[in-house]
Amino acid sequence: MIAAHYAALQVVAPLIAAPLCVLLRRGALAWLVTVAVSWIALAIAIQLLVQVMATGPVSYELGGWAAPWGIEYRVDSVNAFVLLIVSGISAVAAPYAHHTVVREIPEDRHYLFYSAYLLCLTGLLGITITGDAFNVFVFLEISSLSSYALISLGGERKALTAAYQYLVMGTIGATFFLIGVGLIYAMTGTLNMADIAARLDPVEHTRTVLAAFAFIIVGLGLKLALFPLHLWLPNAYAYAPSAVTVLLAATATKVAVYTMLRFVFTLFGADFALDVTFFAEFLIALALVGVFAASITAVFQNNVKRMLAYSSVAQVGYMMLGVGFFSVTGLTGGIVHLFNHALMKGALFMALGAVFYRLGSVRIEHMRGLGRQMPLTMFAFVLGGLSLIGLPLTVGFISKWYLILAALERGWWPIAGLILLSSLLAVAYVWRVVEAAYFRDPPPDRPRATEAPLALLVPTWILTLANFYFGIDTSVTVGVAADAARALLGEGG
Amino acid sequence: MRHHVILRVIAKLGIPFIVLFALYVQFHGDFGPGGGFQAGVIFGAAFILYALIFGLDNALEAAPMNVVVAFIAIGLLLFAGVGVAALLLGGNYLDYGALADDPVAGQHLGILLVELGVGITVAAVMIAVFFTFADRGR
């Protein structure tokens, strides 16, 4: 009986756990609830993915109201994969959170932290699972509002400005998105995604629909930190508490990218998007400029968290590049990079969180000589960095491989060259950290740092090893991503 | 506000009726204009008026902050719990029809409880926001 309700429970489990954490009022109890619910969510996501791969899309009518009148939850191979990413990262990040939260957040706010964490998870899972355009907005707000609160819990005062900046930009993005959905509703009279897709054809060439497309792309562009709309991201990631950075960096932008995929391909359709003058070219240009501008900025950062945040902007560029190719290979590369980037950034930010736990700082000059004092943490960082660069046997290689294949398929040699060139920039900024940690002496005034506790090391290494496992055995990730790409482009699957 | 006799007397007279009106808007919402959100705002306004006239300390004594915060969670739990109850009784999530033998009665009961959840959370959030700002710099 429960199996029929997995789609609803995916969102409801964290939604109910969030107020429960407030009632418990004990940080440790709230943490246990968070971990349990994150694991339940992961189990449900796996079940849903298996179900979707075996029998096709799963549809769930919320409140028993049939679509298109009621809200429909609809899981197909695309969002089943994203659900797996979000809940998988949370399942590793929640156990990791305990130590860093104790260290970084005042004790009377612990239960509120976990409550906001669960609400953020609810929102991210909700955006992904819903088949209703307005419902996306509602969950977008749930995840955004809770992430503003989470970021503002960061220890430094700058966290408040960072959260405020994100709040302003995020609200503009959400409003633009809502205006776009409103315009679509005005033209089609429906909010159900599948229904919109069916009814958009006759009115496709009106200005209103074109304006809706523009509003939605810009709005989501803000949320997914598409260059040059990324300005909120570096500060938000740099000053948020460690566990929050892990969760947001590995999931939030991914979900926004998914939403863009869903709207561009399922609602408007690839043909419509290609008809929009220069849309694909524009996307590719922005993606490439973003990759280079953000990577070059990353090289010059002294705060390593900020460095990786800029690197995230660059990685979003790769995903958008995959979208811009408008081909099965390109989309496969883009979608598989959602998963792969979540793994590498998750691992890297976790390692940094462990460094912060011991040093109270992640500035590069403070991390000198850390390779000998925290060998396991720093080695995880190095491996994560290699994955970010795209070394063979790591997941980063898989993503770039498909992106380059897609570029060659179209005969765009220069783009393939640029992708390779941009990897060198990743080498540059990862090397700066490696050099400081392994080839410099520790600063004399710094007390000797010891290895991070196991509670931090185990999650870090789970994600680090996943970088290699999914870099060698790509049958699951690339298989599902290719299936999702075909489904989005309407070529069966 | 100790010397403003008129304000104190009128507020004392008015607050019970404001609360009563909030409950009317809450529970009559399925037959007339109203519902949980409006009722919650009116209910919260009664507390805020009390705090403005009689001081924050008295208001905090009537509604301690941790109780208010707990009610924020209770309202949401009530809403989500109704959904789960429907699910356990054999319907889809939030399918109120499953709550009673007669689907129409079930729908009625479901929306009443859900709106009560909304009302509780909205009132508690209003009060909490006011207390938080009023408490700053003290």
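The numbers here are math on the coordinates, done by the rules we state, and not lab data. Because the structure is a prediction, the values reported are computed rather than measured. Heads up, the Cβs are rebuilt from the backbone with ideal geometry, glycines too, and the neighbour counts pull from every protein chain shown.
Values for this structure:
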{"quantity": "³J(HN,Hα), Karplus 6.51/-1.76/1.60, whole Hz, each residue of the range A:47-64, x for Gly, Pro", "calculated": "4, 5, 5, 4, 4, 5, 5, 7, 10, x, x, 9, 10, 9, 8, 6, x, x"}
{"quantity": "Inter-part distance where the range A:365-411 and the range A:1-73 are each reduced to a Cα centre, Å", "calculated": "33 Å"}
{"quantity": "Rounded to the nearest 20 debye, dipole of the range B:5-134 from Cβ charges on Lys, Arg, Asp, Glu", "calculated": "480 debye"}
{"quantity": "Cβ-derived FRET efficiency at R0 45 Å, B:Lys12 paired with A:Ala3, nearest 0.05", "calculated": "0.20"}
{"quantity": "Anisotropy class of the range A:277-493 from Cα gyration tensor, a/c 1.5 cut", "calculated": "prolate"}
{"quantity": "Inter-part distance where the range A:448-493 and the range B:107-138 are each reduced to a Cα centre, Å", "calculated": "41 Å"}
{"quantity": "Karplus-derived HN-Hα couplings along the range A:103-112 (A = 6.51, B = -1.76, C = 1.60, θ = phi - 60°), whole Hz, x at Gly and Pro", "calculated": "6, 9, 10, x, 5, 6, 10, 4, 5, 5"}
{"quantity": "Candidates per trypsin sites (Lys or Arg not before Pro) in the range A:140-217, loop by DSSP, up to 15 other Cβ within 10 Å", "calculated": "A:Arg157"}
{"quantity": "Rounded tilt (10° steps) of A:454-472 against the dominant C-alpha axis of chain A", "calculated": "50 degrees"}
{"quantity": "Degrees, to the nearest 10: A:207-223 long Cα axis against longest axis of chain A", "calculated": "10 degrees"}
{"quantity": "Positive dipole terminus of the range A:384-493, leading residue within A:Val427, A:Ile462, A:Ile389 (C-beta point charges)", "calculated": "A:Val427"}
{"quantity": "A:Asp275-A:Ala428 FRET efficiency (beta carbon distance; Förster radius 45 Å; 0.05 resolution)", "calculated": "0.70"}
{"quantity": "Separation of the A:Arg157 and B:Phe133 label points, Cα + 7 Å toward Cβ, nm", "calculated": "2.3 nm"}
{"quantity": "Eligible lysines near A:Lys400 by straight Cα distance, threshold 29 Å, same-chain separation 8 or greater", "calculated": "A:Lys223, A:Lys254, A:Lys305, A:Lys345"}
{"quantity": "Three-way shape label, the range B:1-102, alpha-carbon gyration tensor, a/c 1.5", "calculated": "oblate"}
{"quantity": "Lys, Arg +1 and Asp, Glu -1 on Cβ, resulting dipole of chain A about Cα centre, debye, nearest 20", "calculated": "1440 debye"}
{"quantity": "Acute angle (nearest 10 degrees) that the helix B:5-27 long axis makes with the longest principal axis of chain B, alpha-carbon atoms", "calculated": "0 degrees"}
{"quantity": "Fully extended contour minus Cα-Cα distance, from A:Phe134 to A:Leu405, at 0.36 nm per residue", "calculated": "93.9 nm"}
{"quantity": "For chain A, the longest site-free run once GluC sites (Glu not before Pro) in DSSP loop states with at most 12 other Cβ atoms within 10 Å are removed", "calculated": "A:157-490"}
{"quantity": "Qualifying chymotrypsin sites (Phe, Trp or Tyr not before Pro) in the range A:297-364, DSSP loop, other Cβ atoms within 10 Å at most 15", "calculated": "A:Phe300"}
{"quantity": "Charge tally in the Cβ shell below 12 Å around A:Ser152, where Lys, Arg are +1 and Asp, Glu are -1, A:Ser152 excluded", "calculated": "+2"}
{"quantity": "Sequence of A:Leu376, B:Leu7, B:Leu99 once ranked by neighbouring C-beta atoms within 10 Å, starting from the fewest", "calculated": "B:Leu7, A:Leu376, B:Leu99"}
{"quantity": "Shielding by partners - mean other protein chain Cβ count within 10 Å, residues of B:92-100", "calculated": "5"}
{"quantity": "Estimated distance in nm for a label pair at A:Trp39 and A:Tyr438, the labels positioned 7 Å out from Cα along Cα-to-Cβ", "calculated": "3.5 nm"}
{"quantity": "Cα gyration tensor shape of the protein assembly as shown, rounded if a/c is under 1.5, else prolate or oblate by comparing a/b with b/c", "calculated": "oblate"}
